[in-house]
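Here is the structure we will look at.
The values are calculated or read from the model by the stated rules, or taken from the named source; none is laboratory data. The shown structure was predicted, so the numbers you read here are calculated from the model rather than taken from an experiment. Counting neighbours? That spans all protein chains shown, and the Cβs are built from the backbone with ideal geometry, glycine included. Areas reflect the complete protein model, heavy atoms only, side chains present, ligands, DNA and RNA absent. Shrake-Rupley method; radii C 1.70, N 1.55, O 1.52, S 1.80 Å.
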Amino acid sequence: MKFNFRRLIRAPHVTNGTLRNSFDRRTIVVGGIQGGIGCLLAARMTYLSVFENEKYKLKAESNRVNLSLIPPRRGWILDRHGQPLASNRADFRVDVIPERMSDPERTIAELGKLLSLTPIAMQDLQDKLDRSHGFAPVEVASRLDWERFASVSVRLPDLPGVVTQRGYSRFYPTGPSVGHLIGYVGAASAEEYEKDHDPVLLTPGYKLGKDALEKFYEKDLRGTPGARRVEVTASGRIVRDLDTREDVPGKTIKTTIDAAIQDYAARRIGPESAAVVVMDCQTGDVLAMASMPSFDPNSFSDGIGRLEWKMLSDDDHVPLRNKVLRGLYPPGSTVKPMVALSFMEAGLDPNESVFCGGGLRVGNRVFHCWQRRGHGQVNMAKGIYQSCDVYFYHFAQRIGMDPIAAMAKRLGLGQEFPLPVAGQSYGTVPSPAWKLKKYDKQWQTFDTVNATIGQGYFLVNPLQQAIQASRIASGRIIMPKMIHGHEHEKQASLGVPEEHLAYIRQAMSDVANGPGSAPHARLPFPDIKLAGKTGTAQVVGLNVGNGKGGLWKHRDHGHFICFAPADNPRYACSVVVEHGGGSGAAYPIARDVLTYIFDKEKGMEVLTELETKWGGTAKERLDARFRAYSAQYGVGAPKVSPEEERRKLQGADQPDDPRQPISEAQSPAPEPADEADRPAPAPSPTATPATSPGAGGSPQ
């Protein structure tokens with residue numbers, strides 16, 4: 001028997017009214033849900049179309065239009081006459097952006113064929129790619145002719161990540177002559193971008209200043225980038241140009257440098273390792289600041305390769321160091337005019353004399369004069385123009401070191417100057433207080449004897465020596481200037497009596513024009529006289545070498561400071577020749593530079609003859625040396641890591657310690673008794689060794 005439970009449940013009574021009520025409730029619920037969704041959609045649409053209008057309009061536009069930055073044309077750097085030291089020139093170039101390349105190996109190989117890149121160039125490109133950050137463009141080639149540029153341009157759809165550019169590249173007309181003075185440009189590193197989040201740094205083809213004036217005035221030289229809007233398809237193909245905003249070039253920097261004098265001074269140095277500074281005695285304008293050997297900033301701008309880097313880093317003449325500002329040298333006898341001024345200020349009568357028999361005993365030591373036969377009776381003037389050491393040994397003990405050190409600082413030695421440069425090595429003006437603070441030792445008599453002839457702890461750079469000559473010539477506190485626009489500034493008086501200065505100037509004039517130590521420094525003009533002072537700084541002890549021959553690094557440094565005309569000074573000059581064998585290597589350079597200033601034709605006659613012996617201009621010798629390295633090493637030059645490169649660059653900026661505390665002071669001879677005995681300069685591998693013409697020597 002089955003029990004039907006449905007009988008226990010009463011069926012609901014359904015009427016038309018109950019059916020109608022149930023439908024109404026469902027309608028309300030469903031309608032409410034639909035209405036809510038509709039409101040949400042409407043609100044979202046309103047938000048997107050009204051409040052987010054600009055955002056999505058921009059995105060839609062960016063899908064249709066590409067906006068690219070146009071690198072600004074870099075501001076020019078001019079000399080005092082408006083001649084370019086650094087300019088821009090039209091350029092066809094090819095870059096790659098590593099992160100956009102789908103097949104890097106195939107792309108690079110294809111570019112190598114299209115651009116006819118040498119194996120060395122391909123190796124340098126691969127080194128750049130290995131060091132690059134994916135977002136930053138890497139230069140493949142620049143300064144291309146139209147055929148090679150077009151051959152890449154037509155294949156761009158098949159070469160993702162390749163960018164062709166028609167723009168401007170940095171150009172340095174005189175090349176190595178301005179390497180240290182102007183600096184160079186290069187692509188921004190990741191560290192530089194982190195410091196300055198300017199999007200133009202990531203623009204293909206843009207380069208920023210890396211050294212010297214290029215780096216110091218980066219913000220001024222950079223300019224404002226332009227922009228280009230083009231309509232593109234979904235695949236990125238350009239349909240048409242829409243709009244272009246021209247870039248705003250950077251500011252022009254006008255310097256006090258005279259481009260012709262700068263180039264002549266750099267070339268006249270020849271194969272020597274040397275520095276030349278030329279200043280205007282009246283205004284303080286720096287007319288030339290040459291440090292050689294140097295590098296070609298045009299090569300650095302293109303990105304230096306491992307072979308060229310090896311060539312520069314192997315050179316014992318340190319072409320990466322700015323010797324004008326970073327080189328420190330014992331000044332030798334060039335300090336004697338300064339020491340004589342301190343003597344007169346301390347009350348010494350310049351006519352008071354001492355007998356020079358070739359040396360002077362101080363305590364239990366004999367301090368020799370460079371002239372072992374002696375100079376006889378010597379007063380102050382003779383002590384300067386004959387460079388007699390005994391005179392200064394004798395009276396320095398009476399006067400003491402403190403007045404000498406004070407005068408040295410007044411004349412600019414041991415000082416740092418406000419110039420647009422990355423840094424200066426200001427050297428050392430020794431004194432009793434300095435030695436006690438530096439070494440915790442008392443000043444001794446032999447320290448005074450060493451310092452009074454520019455040896456021992458005394459260290460200066462070539463710029464300071466030029467300033468010293470300028471202040472003696474003018475009697476004013478001449479401050480060096482490298483940027484044009486200070487012509488009317490009045491220089492303060494040095495505070496030295498004019499009769500003291502006149503006495504020293506006459507003694508310095510006798511160095512070249514009288515019975516002095518450098519008769520061959522005389523200018524080839526009957527009406528223009530040069531006043532100067534020779535200096536030879538000992539590098540190694542006499543137990544190692546005599547400083548005139550042997551190993552290049554054992555030879556004495558040669559110094560010469562001067563000004564001209566002697567009776568109405570206008571130009572001051574300093575020359576330092578590293579390991580030149582003495583002052584006989586320095587004063588011919590100063591003489592020829594000043595000859596060029598007064599008569600360009602005469603100066604060029606001398607230079608042309610010398611460069612024929614040396615193997616061409618500085619640029620030609622540098623190119624010849626690179627070809628020799630290419631033949632020797634090819635692609636076998638060792639790879640240099642960024643850390644090693646940075647370390648070597650920093651090392652080049654750090655001067656060697658040339659201090660030679662000589663126990664028995666002796667100033668080396670100002671020049672060999674027979675000029676033909678002066679050693680030839682240590683040449684570059686491609687240069688023909690030759691002596692300077694003023695020394696009267698012949699190639700050895």
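Apply the Karplus curve 6.51 cos²θ - 1.76 cosθ + 1.60, θ = phi - 60°, to the phi angles in the range 83-89 and return the couplings in whole Hz, x for Gly and Pro.
Each residue's phi maps through the Karplus curve to give 7, x, 9, 9, 9, 10, 9 Hz.
GLU489 to ASN364: extension gain in nm, 0.36 nm per residue of separation minus the Cα-Cα distance?
Stretched fully, the GLU489-ASN364 segment lengthens by 39.7 nm.
Between GLU192 and ASN351, 0.36 nm times their residue separation minus their Cα-Cα distance comes to what?
On the way: separation 159, 0.36 × 159 = 57.24 nm, distance 6.16 nm.
Here the answer is 51.1 nm.
With label points built 7 Å along Cα→Cβ from the Cα atoms of TYR439 and HIS520, find their separation and express it in nm.
The answer from the label model is 3.6 nm.
At a 1.4 Å probe, what is the % contribution of carbon and sulfur to the accessible area of the range 102-231? Display every interim value, and only then the final one.
Details: 3100 of 5920 Å².
After summing per-atom areas, the C and S share lands at 52 percent.
Ignoring any ligand, DNA or RNA, what whole percent of the accessible area of the range 243-392 comes from carbon and sulfur when the probe is 1.4 angstrom?
Of all accessible area on the range 243-392, carbon and sulfur atoms account for 44 percent.
What's the center-to-center distance, using Cα atoms, between the range 457-483 and the range 486-531 in Å?
Each part's Cα centre sits 14 Å from the other's.
Figure the gain on full extension for ASP402 and ARG25 (residue separation times 0.36 nm, minus the Cα-Cα span) and round it to one decimal in nm.
Gain on extension, ASP402 to ARG25, equals 124.7 nm.
If you take every residue apart from LEU202 with its C-beta less than 15 Å away from the C-beta of LEU202, what net charge results, scoring Lys and Arg +1 and Asp and Glu -1?
Summing Lys/Arg as +1 and Asp/Glu as -1 gives -4.
Within the set of other residues whose C-beta is less than 9 Å from the C-beta of ASN88, count the net charge using Lys and Arg as +1 and Asp and Glu as -1.
Charge balance near ASN88 sits at +3.
At 1.4 Å probe size, put SER294, SER493 in order of accessible surface, largest to smallest.
SER493, SER294
Please list, ordered by chain and number, the residues whose modelled amide H lies under 5 Å from the amide H of HIS579; skip anything fewer than 5 residues away on the same chain.
Counting only residues 5 or more places away or on other chains, the set is HIS557, GLY558.
For the range 104-224, count all C-alpha to C-alpha pairs, find those more than 18 Å apart, and express that count as a whole percent of the total.
Result: 59 percent of Cα pairs exceed 18 Å.
Dipole magnitude of the range 96-165 about its Cα centre, charges +1 at Lys/Arg Cβ and -1 at Asp/Glu Cβ only, in debye to the nearest 20?
That gives the range 96-165 a dipole magnitude of about 100 debye.
Just to confirm a number: summing +1 for Lys and Arg and -1 for Asp and Glu over residues other than ARG555 whose beta-carbon lies under 10 angstrom from that of ARG555, what do you get?
Net of charged neighbours comes to 0.
Applying the Karplus parametrisation 6.51 cos²θ - 1.76 cosθ + 1.60 with θ = phi - 60° to the phi angles of the range 121-131, what ³J(HN,Hα) value in whole Hz is obtained for each residue in order, glycine and proline being reported as x?
The phi angles translate into 5, 5, 5, 5, 5, 5, 5, 5, 5, 5, 8 Hz.
At a threshold of 8 angstrom on Cα-Cα distance, excluding pairs fewer than six apart, so keeping six or more, what relative contact order does the range 457-537 reach in percent?
Dividing the mean separation by the residue count of the range 457-537 yields 20 percent.
Using each residue's phi in the range 393-405, evaluate 6.51 cos²θ - 1.76 cosθ + 1.60 at θ = phi - 60° and report the 3J(HN,Hα) Karplus result to the nearest Hz, with x for Gly and Pro.
Per residue, the Karplus-derived 3J(HN,Hα) values read 4, 5, 7, 5, 5, 6, 7, x, 7, 4, x, 5, 5 Hz.
Would you please put 324-334, 616-626 in order of how densely packed they are, using the mean number of other Cβ atoms within 10 angstrom per residue and starting with the highest?
324-334, 616-626
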